[in-house]
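Worksheet for the structure shown next.
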């Protein structure tokens, strides 16, 4: 049963990948190709997700990270190549964003929900909340505190791994440490991205 | 091993000299004496030597060391019956050496030679194809196993002749003056070795001698099997004679034609291996 | 590189290689170690030999740029 | 096929991720190591150009910030290829391979020349597209056999991996490794700075060589 389901899923994902590649072959504009390649990339995440086990979840994360890194690098090259510097980035003019209490409440909800989820997914949700909060602000934030948190959480994460390796009997402590570490890490990384983007404008 | 290594180097150089002499005689020129390549190596060792002012010094020197080192390693792998894949890898990595030679000096001629050597990657894929054909038949890539297999069932040369031809073409594309020698064709001066003179060139010649010995020995070991020592040397001589005829009678191809022909050969070989894999 | 340095380096490499040969023949070191020594030593030996023959403290020149 | 590159003689275990050294992987690893050390140790070459219309020549010097960036990228590329050489895990191999792809783009992307940047961008698109068959192949390997470890995969007890998947892996590596296919795009190799550009072609050749062993073993 699951085998058949897997085959069908694989067929669908591969089909969408083929469609993406076809679009890529037809499209001539570099920027559009950059956008399309992101769509194609999602197909590979889809193939990994089809495994449908804990292993798949563990594999998607590095796959995603590599994909994002390549995309960021390519966008940077595109900017350099087309000589696009000093573009102003405008904050979207959404009514909700203009008033302070609404984004605060929304982002609080997102952050709390993210902490309950914990781990990578939770970090992503909470980070989204943080971005939302910062996007609503017009003044520039002080980045040092965020950077400090990001660095410390990374240290926590690595330290937890060392505990795993050398003191396996304290695995529960290590697990909690790693979970909290990656949660804070992802939150700060995502919010940093948003803040730095804004700070440049 | 030390005496055998030195012998292999000098004998390889001698084979290159014979190759050169034969080409000259086929084309009705007198040609240099057959020990010319050995003399070359010695001569370059006596020539004045420096590193060009624009070169990246460390790379410029160490690429010579790497060139000799990898082929010494290939020689030992072959003699001790290691994995055929390692020899295959070293053959491919020789490209990096050529690239390094060309790029490290800052000379535009060297750079052309280096880039051409990377383009000629098409010549390697037949090698892989012949390796996989061998793997299909013998079930192993250890050279000692391949020799044992041939001792039982006779030379692979008659079982999979097309794979042998593929390896022959691979060797052909690495000998001087061959139709596929686009890295050394005349319009780019001396190609990747333009700026490596004096002692550096002597090192390169040493590498070339060892390389020809190793490649010919690989062909003999993989497709003919174990032979007495004199038999090996004689077979090598025969191979060199045939190579010299091909080199003397064929024109040197342009890079585009060379890559096209090698790609076509690769295609044929892939079909052959698929056929072997399915019906063999 | 000075002629003398090159000579002594060459001799050192040669001695190490011969030593490895002897040790390998007597079975003190495994064969792969002996071969590894040769793989590293042979290129060095060739270069130092050449440099000993023709080491010169010359000025570097620019590459060949045409006829 | 068990031990296509000679039988492994050393295992380094990090939990379920096993790094193994066979004669084949060890020699590739050593080559990557040697070239990485070279990249760290050597200064870039200065490419000579003839000044047309005069009896003169110019050298293309590389500025310090550009050199630093490219050296960093080249070292990262060397480290990634070392990892790809010895890892005993298909997915790890794919990760290292795509890392090599990014670093290859990075090595040439810092050159301030429109032609080089254009070539780098196009190559980057190919590399990004190459991750689809690469990761897809690895995922299907995990789905059909239930393991990603090359040592377990080389034993015959597991169900056979379909040939298409091997093709996927090779295709992915062809996308990531640029040297042989992109050498014709001479703009990339025309970028001055020898040891760094060589790292591009070295790393792609190495991952090619490794994927052959991987494909033979799965």
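When you look at the Cβ of every residue in D:19-28, what mean number of other chain Cβ atoms sits within 10 Å? Please list the in-between numbers first.
Details: counts 0, 0, 0, 3, 6, 9, 0, 1, 12, 5.
If you average over the peptide's residues, the count of other-chain Cβ atoms is 4.
When only Cα pairs under 8 Å and 6 or more residues apart are kept, what is the percent relative contact order across chain B? Can you show the working numbers first?
On the way: 402 pairs, mean separation 85.1, N = 280.
Relative contact order comes out at 30 percent.
Roughly what % of DSSP beta bridges within the protein assembly as shown run antiparallel, to the nearest 5?
Details: 13 of 13 bridges.
So the antiparallel bridges in the protein assembly as shown amount to around 100 percent.
Report, to the nearest 10°, how far helix B:199-223 tilts away from the longest principal axis of the Cα atoms in chain B, using its own Cα long axis and a range of 0 to 90°.
10
Which of the peptides B:19-32, D:121-134, A:177-190, B:93-106 is most tightly packed, and how do the rest follow, judged by the mean count of other Cβ atoms within 10 Å per residue?
So the peptides B:19-32, D:121-134, A:177-190, B:93-106, ranked by packing, come out B:93-106, D:121-134, A:177-190, B:19-32.
Using only alpha carbon positions, build the gyration tensor of chain B, then give the equivalent ellipsoid semi-axes as the square roots of 5 times its eigenvalues, largest first, whole angstrom.
Details: eigenvalues 184, 87, 72 Å².
So the equivalent ellipsoid measures 30, 21, 19 Å along its semi-axes.
Other chains' Cβ within 10 Å of B:108-117 residues: what's the mean? The partial results should precede the final answer.
Numbers: counts 10, 5, 6, 9, 3, 0, 6, 9, 2, 2.
Shielding by partners across B:108-117 averages 5.
Cα gyration tensor of the stretch B:222-280, axes a ≥ b ≥ c as square roots of the eigenvalues: rounded (a/c below 1.5), prolate (a/b > b/c) or oblate?
Taking the square roots of the gyration eigenvalues as a ≥ b ≥ c, the stretch B:222-280 is oblate.
Which whole number of Å³ per residue matches the convex hull of the alpha-carbon atoms in the stretch A:2-82? Don't skip to the end; give the middle numbers.
Working: hull volume 4.9 nm³, N = 81.
So the per-residue hull volume is 60 Å³.
Peptides C:5-12, A:27-34, B:78-85: what's the order by average Cβ count within 10 Å, highest mean first? List each step's numbers first, then the result.
Working: C:5-12: 15.9, A:27-34: 14.1, B:78-85: 21.2.
The densest-packed peptide leads the list: B:78-85, C:5-12, A:27-34.
If you fit an axis through the alpha-carbon atoms of helix B:255-279 and take the longest principal axis of the Cα set of chain B, what angle between them do you get, 0 to 90°, nearest 10?
20
If you line up the long axis of helix B:36-46 against the longest principal axis of chain B, both from Cα atoms, how many degrees apart are they, to the nearest 10?
Rounded to the nearest ten degrees, it is 40.
Scaled to the compact-protein estimate 2.2 N^0.38 Å, what is the alpha-carbon radius of gyration of the protein assembly as shown, rounded to two decimal places? Let's see the in-between values first.
On the way: Rg = 28.4 Å, N = 766, 2.2 N^0.38 = 27.4 Å.
Computed over Cα atoms of the protein assembly as shown, the ratio equals 1.03.
Taking each residue in D:29-40, count the Cβ atoms of any other chain within 10 Å of its Cβ, then average. What number comes out? The partial results should precede the final answer.
Values: counts 0, 4, 8, 0, 0, 5, 7, 0, 2, 8, 3, 1.
The per-residue average across the peptide is 3.
Just so you know, all these numbers are worked out from the coordinates, no wet-lab data involved. As the structure is a prediction and not an experimental result, all values here were calculated from the model. Here Cβ is always computed from backbone atoms with ideal geometry, including for glycine, and neighbour counts include all displayed protein chains.
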